[in-house]
Amino acid sequence: MGELRPLAPELTPESRALALALRELFEGLDVSARRYAARRFRDAGTFSRYLNGTRVPPWEVVMDLLTDVAEHRGTAATPEAVELVRRLHRAAVETSASPRHAVEVLEQQLAEADRVSRRSTARGDALGDALLDRKHRIADLEVRLSQLEAEWSAERERADRLAAANPDVTELLREREALQGEVARLSAGLHAAHKQREEAEERCALLERQLQAVEEARQAAGSLPTATPQAMPKVLVVDDQSDNLLAMTAVLSTLDQELVAVSSGQEALKALLDHDDFAVIIMDVQMPDMDGYETAAHIKRRPRNRDVPIIFLTAMGADPEHSARGYAAGAVDYIGKPFDPWVLRAKVAVFTGIYLERRLADDR
């Protein structure tokens, strides 16, 4: 078996810990990295970079490695071992801020949204078939009942004898009522499945647009100057989820502005004390300890920061109650997740322009 490449220098502690765990698993297979990559139809150079820590692999690569090691040893991996590797992988992803890792995070979210869409489609098809069956059964019962009622109307004098000859009329009525109730339940379930599928498809579309925006930012990174012009204002991004921070900073990275990313309301207030040149604040609503509404209230009470516009970014949807509360807290806009990257960049550009015009007027 060929020797593994040394660990890359200057790795973060989290990336180093994950790379060591992956190397220990891989050495148990007793094959070369090139041979294993060919076995799994993967690029050998990329797989080697996973093992020396310069790249954080997607979780499916880690799961494939765990499966192959278990098969080679003849014993399944314990839940504790899988959970340990999962924690190491999550920590390595959260401490990496490259656009490539942003792509991997967004691709995982896109895969999950696609799975929800496909499950919703299958469930909707099953409910549709069951609903059609119940409707057919109701139609059959209606025909049978109509025939009986027509006979009762045409021959009133034989009503007693007809009832005696057809003692199952009452049971048919009960069966029809039960089936109608089942149709109502299945119709509601079908409607819910269709709605879930529509939401999942919408999420897939937006995540694909985010992926495209991140790819464009990565391709443009080599041709854009690395230094941020001193005259440009800053953008403050607040979200307690590292995946969301990674996605937003990647989408906004093509703007000629410095992005200050923090993970709590307290850190946002401190950043506003340290800097006084923010053009706009993009803030998540649902955060522990101090949510977006409370943080916005603190910001608006400070004379120094009260005029900085705030855009709320939240997964709670466009419910009128939530948006009204956001505007009452001082927000200028309210965007749902997953966000449209073009819309977010356009709004940031508008408020940057307003900031620059105001500063130019003050200088005069």
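Let me cross-check Phe351: its accessible surface, 1.4 Å probe, with only protein heavy atoms counted, in Å² to the nearest 10?
My reading of the accessible area for Phe351 is about 40 Å².
Quick one: if the Förster radius is 30 Å, what FRET efficiency do Trp59 and Ile138 give, using the C-beta to C-beta distance and rounding to 0.05?
0.05
As a test of reading the structure, rank Lys337, Lys234 by solvent-accessible area (1.4 Å probe, protein chains only), most first.
Largest accessible area first, the residues go Lys337, Lys234.
Run the simple label-point estimate for Ala130 and Ala324 please: 7 Å along Cα→C-beta, distance reported in nm.
Label at Ala130, label at Ala324, 3.7 nm between them.
Between Leu172 and Arg87, what length in nm is gained on full extension when 0.36 nm per residue of separation is reduced by their alpha carbon distance?
Result: 24.7 nm gained on full extension.
Please compute the length gained on full extension between Glu198 and Glu294, using 0.36 nm multiplied by the number of residues separating them and subtracting their Cα-Cα distance.
31.3 nm
Order Val82, Val348, most accessible first, counting only protein heavy atoms with a 1.4 angstrom probe.
Heavy-atom accessible area, descending, gives Val82, Val348.
Tell me, what is the 1.4 Å probe accessible area of Met283, in Å² to the nearest 10?
Counting only protein heavy atoms, Met283 exposes about 0 Å² to solvent.
Can you give me the distance in nm between label points at Leu4 and Gln286, each placed 7 Å from the Cα along the Cα-to-Cβ direction?
3.8 nm
In nm, give the distance between the simple-model label positions of Arg156 and Gln266, each being 7 Å from the Cα along the Cα-to-Cβ direction.
In this crude spin-label approximation the distance works out to 8.6 nm.
Students sometimes get this wrong: rank Glu177, Glu267, Glu182 by accessible area, probe 1.4 Å, all chains present, largest first.
Sorted by accessible area, descending: Glu177, Glu267, Glu182.
The values are calculated or read from the model by the stated rules, or taken from the named source; none is laboratory data. Predicted, not measured: the structure shown is a model, and the values here were computed from it. A quick note on method: Cβ atoms are made from the backbone with ideal geometry, for glycine too, and the neighbour counts reach across all protein chains shown. For the accessible areas, the whole protein counts, side chains as well, though only heavy atoms, and no ligand, DNA or RNA atoms are used. Shrake-Rupley method; radii C 1.70, N 1.55, O 1.52, S 1.80 Å.
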